Amino acid sequence: MLVLQVNNLSIYYKKKWKKNYVVNNFSLEIKENEIVALIGKSGSGKTSIAKTIIGLHNLYDGEIIYHINKNDIQYIFQDPYTSLNPYANISYIISEGLTFKDKEEKDKKIIEVMESVGLDISKRFCFASNFSGGERQKIAIARALIRKPKLIIADEITSSIDYHSKIMVMELLRKLQKENNFACLLISHDLDFIKNLTDKIVLLETKIV
């Protein structure tokens, strides 16, 4: 079953009266429980595609068809240092915006998801600024996972962390995908690094219009 279809997507930014296109006639399909890698060089429009799919950018031609509720899509940002509030504790970051029956249920869910991504639950009241880049990406994954997504868009999530942390985060994402049966759009510029972690690879060429 399809989760998402993108048909002939052309993304642009406006400069006065002119449309500056950064992506032209891009198409993509993602199925349930599938990891799709979107690979391209810097400037090819990978992040623009991801942000358009999630609704953070709305200047485009073409068609995006959601076979799931848009609330079932979670986005993990590229930079773990700017995507998390450094002055908020981990418990708050993971559960922000969610409602629970009571405090006991909230604590249980937070502990469960922290354990699932390999975070020390005794640190759940520590600030994000106290964690390394790899740990912060684990926090971002936990924040997405607790919402039980059907599709996760992971935007260059290993580009700002060291090589050891890259391997750890990618292996964790693959493990969680198998356990929780979500689809994943994995955006990267490094084909060699992720080619063995994906079910399908889409290469995006850089085009200047």
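The values are calculated or read from the model by the stated rules, or taken from the named source; none is laboratory data. Because the structure is predicted, anything quoted here is derived from the model rather than measured. Glycine gets a Cβ as well: all are built from the backbone with ideal geometry, and neighbour counts include every protein chain shown.
Restricting Lys138, Lys195, Lys148, Lys123 to those that are surrounded by fewer than 13 Cβ atoms within 10 Å (Cβ to Cβ) and at negative phi reduces the list to Lys195. Restrict the check to the stretch 163-170 and report whether at least one residue is over 18 Å from Leu119 (Cα atoms) and either over 16 Å from the mean Cα position of the chain (by Cα) or outside any helix (DSSP H, G or I) (or both). Within the stretch 163-170, one or more residues are over 18 Å from Leu119 (Cα atoms) and either over 16 Å from the mean Cα position of the chain (by Cα) or outside any helix (DSSP H, G or I) (or both). Filtering Arg147, Arg136, Arg143 for residues that are under 30 Å from Leu2 (Cα atoms) and in a helix (DSSP H, G or I) leaves a single hit, Arg143. Screening the candidates Glu112, Glu29 for the property of being within 21 Å of the chain's Cα centre (by Cα), free of Cβ contacts under 8 Å to residues at least 60 places away in the same chain and within 23 Å of Ile194 (Cβ to Cβ) yields one hit, Glu29. Criterion first (basic (Lys, Arg), under 12 Å from the mean Cα position of the chain (by Cα), under 20 Å from Tyr75 (Cβ atoms) and part of a helix (DSSP H, G or I)) does Arg174 satisfy it? So Arg174 fails the test. When Lys14 is tested against (1) at pLDDT 95 or above; (2) surrounded by fewer than 17 Cβ atoms within 10 Å (Cβ to Cβ), only condition (1) is not met. Assessment of the stretch 162-173 against the conditions (within 25 Å of Arg147 (Cα to Cα), touching an Asp or Glu at 6+ places or on another chain (Cβ under 7 Å) and modelled with pLDDT of 85 or more) yields no matching residue.
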